């Protein structure tokens, strides 16, 4: 596979050894950027047939192609295919996909000759797999919203349900009153697709006075968190359960740019990071007010990394939306971030400075009107500490007073010390208790 330097084109090529030249079998172009995930490709084992993934339909799907001929789609529809495994005899390709629901991943196989699909699991949640060397059994990793992953096995040619192999969750964990979030589809005012979100609801939330709420912004940008499996944000899951016990409603949205919803959802932020996501956050706030008995004037927001960047953008560009915000390990100026990441989305600062200014919170800091907490690890190996230093200096120059900064001297981007995590969440909770 060959990639253009700006990542807007890629080619799968074969080598004609006799003619000493490359022959293009597939060229892909995206006006935004080619997805850096969903790029598995190779040869079938017993024929000159290529298999590959492509988002050319709008979603990641599986194709077969004889060199020089038209491709044959083995999957299609509004879902994402991932984790391909070709059997030794080339009869099947195994894969995982969110066919049933965007937040549910099951295991399937497709017959390469007939195109017939077979669902091999129906566990509901997040399920991943490895095919055994004899190709008779799947080893599964499965989780739900309140249960971390466990191992299961299931025969590929049988009707038996998967058998659970491990029981690693402690009784102490099971005894905790964790709050199971619901996954809801929030109508978007800007796209035909709904915005999927996790919502944590207290008991009796429809009764009495309108409630306080917190909107959590996940990190990475291209990440899916509003699914029905165990979240990588397990600390936030615990914190959200705690908030619900204090009477808060919590919303956790897969804003545009998130993974699992196709090409258009992924690339909506091209040259305008922070704009579509903020539109989605506004739709989420409106949903809370209309459906969860939430007081519009008692809503806060927080998030880390990309979620910290979104917190900045919300607090600076939509001061009516949230009464308080906590930005953790946040990006303030994309021109100072990893260009391997940002150049896909914003091009490069020398070529497209307008996109960087439009997308970087530091240029909108004058819009801060509500209390803001900034938590920054000093030895951050991802979002460098200088990013927060520059933003704080800008707030000082603007004579802003309604912000506080907490520095964590020994921490990298992902905290290591339990005391640091505890301090961070105590500060976030204190911010919301004081201002909501």
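The values are calculated or read from the model by the stated rules, or taken from the named source; none is laboratory data. Predicted, not measured: the structure shown is a model, and the values here were computed from it. Note: ideal-geometry Cβ built from the backbone for every residue, glycine included; neighbour counts use all protein chains shown.
Would you pick out the residues in region 42-73 that are in a loop (DSSP other than H, G, I, E, B) and over 26 Å from the mean Cα position of the chain (by Cα)?
44, 45, 46, 47, 48, 49, 66, 67, 68, 69, 70, 71
Identify all residues within region 238-258 that are crowded, with 21+ Cβ neighbours inside 10 Å and out of contact with any strand residue (DSSP E or B) (no Cβ under 9 Å at 6 or more places or on another chain); write none if there are none.
257
Looking at region 297-323, which of its residues are touching a residue at least 12 places away in the same chain (Cβ under 8 Å) and either surrounded by fewer than 24 Cβ atoms within 10 Å (Cβ to Cβ) or out of contact with any strand residue (DSSP E or B) (no Cβ under 7 Å at 6 or more places or on another chain) (or both)?
Of everything in region 297-323, those that are touching a residue at least 12 places away in the same chain (Cβ under 8 Å) and either surrounded by fewer than 24 Cβ atoms within 10 Å (Cβ to Cβ) or out of contact with any strand residue (DSSP E or B) (no Cβ under 7 Å at 6 or more places or on another chain) (or both) turn out to be 297, 298, 305, 306, 309, 313, 316, 317, 318, 319, 321, 323.
Go through the residues of region 124-146 one by one and say whether even a single one is outside the structural domain of residue 217 (by TED's automatic domain parsing), surrounded by 17 or more Cβ atoms within 10 Å (Cβ to Cβ) and at positive phi.
Looking through region 124-146, at least one residue is outside the structural domain of residue 217 (by TED's automatic domain parsing), surrounded by 17 or more Cβ atoms within 10 Å (Cβ to Cβ) and at positive phi.
Out of region 365-414, which residues are surrounded by 19 or more Cβ atoms within 10 Å (Cβ to Cβ) and farther than 26 Å from residue 299 by Cβ?
Within region 365-414, 377, 380, 387, 408, 411 qualify.
Based on this model, can you work out whether residue 349 counts as part of a loop (DSSP other than H, G, I, E, B) and over 27 Å from residue 407 (Cβ atoms)?
It is true that residue 349 is part of a loop (DSSP other than H, G, I, E, B) and over 27 Å from residue 407 (Cβ atoms).
Show me the strands (runs of 3 or more DSSP E) entirely contained within region 177-238 in which 2 or more residues are closer than 22 Å to residue 127 by Cα.
In region 177-238, the matching strands (runs of 3 or more DSSP E) lie at 182-186, 195-200.
I'd like the residue in region 74-93 that is in a loop (DSSP other than H, G, I, E, B) and surrounded by fewer than 18 Cβ atoms within 10 Å (Cβ to Cβ) and, out of all such residues, is farthest from the chain's Cα centre (by Cα).
89
Scan region 177-192 for residues that are out of contact with any strand residue (DSSP E or B) (no Cβ under 9 Å at 6 or more places or on another chain) and modelled with pLDDT of 95 or more and jot them down.
The answer is 178, 189, 190, 191, 192.
Going by what's in this entry, would residue 256 be described as closer than 15 Å to residue 185 by Cα and either touching a residue at least 60 places away in the same chain (Cβ under 8 Å) or in a strand (DSSP E or B) (or both)?
Taking the combined requirement at face value, the residue satisfies it.
Being in a loop (DSSP other than H, G, I, E, B) and surrounded by fewer than 16 Cβ atoms within 10 Å (Cβ to Cβ) is the requirement here; does residue 172 meet it?
no
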